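The values are calculated or read from the model by the stated rules, or taken from the named source; none is laboratory data. None of the values given here were measured: they were computed from a predicted structure. Virtual Cβ from ideal backbone geometry, glycine too; neighbours counted across all protein chains shown. In case anyone asks, the SASA skips ligands and DNA or RNA and just uses the protein heavy atoms, side chains included. Shrake-Rupley method; radii C 1.70, N 1.55, O 1.52, S 1.80 Å.
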Amino acid sequence: MERFSNYINGEFVAPVSGRYFENYNPSTGKVDSMIPDSDIKDVARAVSSAKEAFNTWSQTSVEDRAKILFKISELIEKNKTELAEAESRDQGKPVHLAASVDIPRSSLNFRYFAGHMLHRKEEASHHSAGAISFTSRKPVGVTGLISPWNLPLYLLTWKIAPALAAGNVAVCKPSEFTSRTAVMLGSIMNEAGLPKGVCNIVLGRGATAGQALTSHPDVPLISFTGGTETGKKISTTAAPQFKKLSLELGGKNPTIIFDDVDVKKIVPMVVRSAFLNQGEICLCGSRIYVQEGIFEEFKKEFVESVKNLRVGDPKLATTFMGPLVSKSHMDKVESYVEGARADGAEILVGGTRPQVSQELLGGYFYSPTIVAGVKESSAIQKEEVFGPVATLQSFKEEEEVLKCANETIYGLSASIWTESQSRALRVSRALDVGTVWVNTWMLRDLKMPFGGVKASGLGREGADHSIDFFTEVKTVCLKE
Ligand code: NAD
């Protein structure tokens, strides 16, 4: 059985305890590999190797750091096929999706932040009192980077790239469900000539390896993407030590469709926004509100399209949805649908396990599901399901839908579908979220801030927002 290793000081090493746990292939439900059950000792080794590397890496010129990051970007691109297959094998997403979204974006993350650091300038201000003030930045030191399983390499590199570009070193803790591409990234970083210890990857569980990282006194910064409950735990550990903290957490995003749209034109995009990556994207629109006048027409088209989505072998180019990431996650998704059914909601499509071929019978497949007639106060409407499940509701007035959209603890994103520019502006201003898409979804411009409000997170990432977070800024005032 394949055993993964931690990547510490540029080398692939076994966990100090010698303990491993099983990693399952979500397509078959069979054990696929063994993950190091790393603990405080492994994290201590990684932090100490990172600290050592910081002395040189933080003094390396921006140009020289960028050269290495550009090389990592190139090598990710060169290994795209293997990385996409590995991501699918661990996570369940279709290989073609990993090859067209996850891996290109992972490569772009390095290219983007290397370029950004090469071109950015500091601020200066001339005072009337004959003085000039300017800003000067320092990297923070050893950064702790913790990522989830839904977009494994995409989100891990979204943290590593700005951290390293700004002169920091890193200890990463990828999700225990998706370690494979993180290990491959270790080899790529060696091939690109990244000095030993600049980036370390410790595999294992959140409660042990993750907790050891967030509580380590020599890690002054934690960048975390994951669930809101985990975010709370991390805040409790990090806040008393005054660590810099960025939290990208859960969402329960509304999709608001007004009656001036061309239903046939938008349905494919709304389907994608609800079910891409098995609905396991924090930005998926899981609460769909459609204005009364087009509700029936939309419902018919939407249900028909979702019925036709192909669920099954993620290796096939024709598959739209693969399995969910784990058995426990599939059970959780199913329990929300069953809860809604028991409360009298109508399951318009799905709500079952799909039929799959013999060799995939043990896999964690769940059909794309649309639920109608739910109460706004119900669990399926209030809590993050994070799977292929969307609710469908009708509304009369803008004011009414805004109230429903904002009545949630979350505030990550929303999408609005309308031909009216003034309505789009008005509604986007009124939504309590970090990102609003109008007539599109998940179109990301890395130059723009990204993050959530309320229980969806703390802080913003992207371009200078990431560099602000990954550096300490100082103001220097010079008098004539
Ligand atoms: P999770 O919170 O269970 O785990 C995320 C990471 O945190 C994993 O690496 C895990 O091992 C680690 N972890 C768990 N407990 C920890 C602890 N006590 N201390 C330190 N680390 C710990 O989340 P998940 O199930 O992997 O991912 C799904 C969640 O991520 C969803 O809620 C989703 O909305 C969210 N997410 C948010 C964004 C965003 O940008 N806002 C993006 C992707 C996913």
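None of GLU63, GLU123 is open to solvent by 50 Å² or more (accessible area, probe 1.4 Å), within 23 Å of LYS196 (Cα to Cα) and either without any contact (Cβ under 8 Å) to a residue 60 or more places away in the chain or not assigned by TED's automatic domain parsing to the domain that holds GLY226 (or both) except GLU63. Annotation note: of PHE386, PHE395, PHE470, PHE365, the sole residue that is open to solvent by less than 70 Å² (accessible area, probe 1.4 Å) and closer than 25 Å to MET117 by Cα is PHE470.
When the stretch 230-247 is filtered for residues that are charged (D, E, K, R) and more than 10 Å from the ligand (Cβ to nearest atom), the ones remaining, listed by number, are LYS243, LYS244.
Taking the residues in the stretch 307-318 that are touching a residue at least 40 places away in the same chain (Cβ under 8 Å) and out of contact with any helix residue (DSSP H, G or I) (no Cβ under 8 Å at 6 or more places or on another chain) as candidates, determine which candidate is nearest to TYR366 (Cα to Cα). Across the stretch 307-318, the extreme among qualifying residues is VAL311. Annotation note: Cβ proximity below 8 Å between a residue of the stretch 143-154 that is in contact (Cβ under 8 Å) with a residue 12 or more places away in the chain and not assigned by TED's automatic domain parsing to the domain that holds GLY227 and a residue that is open to solvent by less than 10 Å² (accessible area, probe 1.4 Å) and near the ligand (Cβ under 9 Å from one of its atoms) (sequence gap 6+ or interchain) occurs for no pair. Given the options LYS244, LYS327, LYS300, LYS315, name the one that is outside the structural domain of THR408 (by TED's automatic domain parsing), among the charged types (D, E, K, R) and more than 19 Å from THR418 (Cβ to Cβ). None of the others qualify; the one that does is LYS244. I'd like to know if the stretch 146-156 contains one or more residues that are within 24 Å of SER61 (Cβ to Cβ), surrounded by 21 or more Cβ atoms within 10 Å (Cβ to Cβ) and in contact with a helix residue (DSSP H, G or I) (Cβ under 9 Å, 6 or more places away or on another chain). No, because not a single residue in the stretch 146-156 is within 24 Å of SER61 (Cβ to Cβ), surrounded by 21 or more Cβ atoms within 10 Å (Cβ to Cβ) and in contact with a helix residue (DSSP H, G or I) (Cβ under 9 Å, 6 or more places away or on another chain).
Please specify each residue of the stretch 407-437 satisfying the condition of being of a type in the set (A, V, I, L, M, F, W, C) and open to solvent by less than 60 Å² (accessible area, probe 1.4 Å). LEU412, ALA414, ILE416, TRP417, ALA424, VAL427, ALA430, LEU431, VAL433, VAL436, TRP437 - these are the residues of the stretch 407-437 that are of a type in the set (A, V, I, L, M, F, W, C) and open to solvent by less than 60 Å² (accessible area, probe 1.4 Å). Scanning the stretch 293-345 for residues that are under 20 Å from GLN393 (Cβ atoms), open to solvent by less than 60 Å² (accessible area, probe 1.4 Å) and acidic (Asp, Glu) turns up just one, GLU301. Considering (1) part of a helix (DSSP H, G or I); (2) under 18 Å from the mean Cα position of the chain (by Cα), the lone condition that PHE70 does not fulfil carries the number (2). Of all residues in the stretch 90-113, those that are closer than 10 Å to LEU69 by Cα have Cβ atoms under 8 Å from Cβ atoms of residues that are open to solvent by 10 Å² or more (accessible area, probe 1.4 Å) and among the charged types (D, E, K, R), 6 or more apart or on another chain, in SER107/GLU74; SER107/GLU77; SER107/LYS80.
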